[in-house]
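The values are calculated or read from the model by the stated rules, or taken from the named source; none is laboratory data. Computed from a prediction, not measured in an experiment: that's the story for all the values here. So basically every Cβ, Gly included, is an ideal-geometry build from the backbone, and we count neighbours across all protein chains shown. Only protein heavy atoms, including side chains, enter the accessible area calculation; ligands, DNA and RNA are left aside. Shrake-Rupley method; radii C 1.70, N 1.55, O 1.52, S 1.80 Å.
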Amino acid sequence: MKNLKLTLSALIVLALLSGLFVKSRIGQKEYTQQEFLFDTLCTITTYSKSDSEAVNMAFNQATQLHRLADFFDTASDVSKINNAKSNTPISVDSNIINMLALSQEICQKSKGAFDITIAPLSRLWQFDSEGSVPPDKDQINYALTLVNGDGLIVDTKAMTVTKKSDGISIDLGGIAKGYAADKSAEILKNSGVRSALIDFGGNIVTLGENPKTDSKKWRIGLQTPYAPTGEYSKIIDTCGENAVVTSGTYQRYFEHNGVKYHHIIDPKTGYPAKQSFDSVTVVAPNAALADCLATAIFVIGENMGKRLAAEYGAEVYFLP
Ligand code: AMP
Ligand code: MG
């Protein structure tokens with residue numbers, strides 16, 4: 001929990017610093033706004049005239065998506081699904097339907113490594129709570145019986161979701177930030193913004209050219225796991241509309257008796273996925289896809305992960 005607190009403090013300091021940064025850059029028509037959504041710091045920076053209105057619209061949409069996908073808000077669509085009885089179609093927002101449909105596809109392609117029905121396990125692990133300890137083996141074994149990637153019927157025409165059994169519940173933590181970053185990019189684009197950088201907690205979408213580099217490319221640093229924020233192991237140069245999404249053990253974890261327990265769960269074991277690397281970065285045309293892939297690839301590892309990324313024409317990078 002100490003680590004989570006440290007991370008939050010670091011984020012707040014970062015937010016304050018960026019506020020100052022914005023002021024000093026206004027003359028250069030750079031506009032930055034930050035909000036705390038999806039349990040993480042979300043930043044949008046744009047580089048042309050009258051962008052604040054467009055950025056506000058993007059954040060309004062992101063806030064709405066946050067509310068729909070909020071696991072802890074009893075009024076959210078996710079809670080509506082989680083509290084529903086089996087064999088009862090539940091009407092949900094089209095954005096939730098889109099996330100569910102993509103999640104099901106990646107679940108299938110990753111042979112169950114990416115599975116939003118992980119919720120009984122993520123609820124048990126409580127990575128967000130004070131003084132977390134690993135759950136009992138019995139609790140994990142029981143939660144595992146509730147995880148079922150085939151347990152939802154998603155009707156994209158009627159916009160309903162039907163659970164095949166009462167105990168199924170979903171957690172969109174592995175896709176919602178990426179999906180929201182894409183939606184923000186869409187709103188900015190439709191509002192005439194030509195250059196922008198969107199970063200929703202490591203889910204980055206670039207739009208247009210970077211006016212601040214000679215090459216006009218965006219330079220995205222891949223954070224060195226567990227190093228101070230802003231220390232990078234690799235730089236990715238991208239241009240145009242592209243997504244760079246990272247899933248890492250250092251983003252959310254707790255320590256107990258000297259062992260680190262991180263937030264990406266292997267749906268086969270019920271425990272945090274064990275790998276020799278600490279982060280996976282996926283570069284793909286959109287962030288919803290890259291978000292699912294990064295989480296999935298963290299679970300399946302390097303060899304299978306490279307094959308899965310290739311199926312989608314995505315690039316993948318692993319950092320120790
Ligand atoms: P990300 O932040 O995209 O790496 O995804 C991690 C988040 O997704 C966790 O905090 C959980 O909310 C959820 N999650 C954990 N393990 C999985 C998994 N195997 N499949 C889908 N979602 C997961
Ligand atoms: Mg993800």
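Details
- So Ala158, is it more than 16 Å from ligand 2 (Cβ to nearest atom), on the phi < 0 side of the Ramachandran plot, surrounded by fewer than 14 Cβ atoms within 10 Å (Cβ to Cβ) and modelled with pLDDT of 95 or more: yes
- The one condition from (1) closer than 30 Å to Gln34 by Cα; (2) in contact with a Ser or Thr (Cβ under 8 Å, 6 or more places away or on another chain); (3) open to solvent by less than 40 Å² (accessible area, probe 1.4 Å) that Ile168 does not meet is (1).
- Only one entry of Ser91, Ser103, Ser79 meets the criterion of being within 15 Å of ligand 2 (Cβ to nearest atom), of a type in the set (Ser, Thr, Tyr) and modelled with pLDDT of 95 or more, and that entry is Ser103.
- If only residues of segment 231-271 that are away from ligand 1 (no atom under 16 Å from the Cβ) and open to solvent by less than 40 Å² (accessible area, probe 1.4 Å) are counted, the one that is nearest to Ile106 (Cα to Cα) is Asn242.
- Hey, Ser50 more than 15 Å from Leu197 (Cα to Cα), in a loop (DSSP other than H, G, I, E, B) and either of a type in the set (A, V, I, L, M) or at pLDDT below 95 (or both) or not: yes
- Consider segment 186-212 and keep the residues that are open to solvent by less than 10 Å² (accessible area, probe 1.4 Å) and either among the polar types (S, T, N, Q) or farther than 26 Å from Glu231 by Cα (or both). The one that is nearest to ligand 1 (Cβ to nearest atom) is Asn203.
- From the list Gly192, Gly201, the lone residue that is at positive phi, small (Gly, Ala, Ser), touching a residue at least 40 places away in the same chain (Cβ under 8 Å) and within 16 Å of ligand 2 (Cβ to nearest atom) is Gly201.
- Any hit, segment 272-291, residues being of a type in the set (Gly, Ala, Ser), in contact with a Ser or Thr (Cβ under 8 Å, 6 or more places away or on another chain) and away from ligand 1 (no atom under 16 Å from the Cβ): no
- Near pairs, Cβ below 9 angstrom, 6+ apart or cross-chain, from segment 92-118 (touching a residue at least 60 places away in the same chain (Cβ under 8 Å) and surrounded by fewer than 22 Cβ atoms within 10 Å (Cβ to Cβ)) to any residue that is assigned to a helix (DSSP H, G or I) and among the aromatic types (Phe, Trp, Tyr): Asn95/Tyr179; Asn98/Tyr179; Leu102/Tyr179
- The lone exception for Lys163 - which of (1) under 23 Å from the mean Cα position of the chain (by Cα); (2) farther than 28 Å from Ile204 by Cα; (3) among the basic types (Lys, Arg) it fails: (1)
- Selection from segment 234-254 of residues that are away from ligand 2 (no atom under 16 Å from the Cβ) and closer than 30 Å to Ser129 by Cα: Phe254
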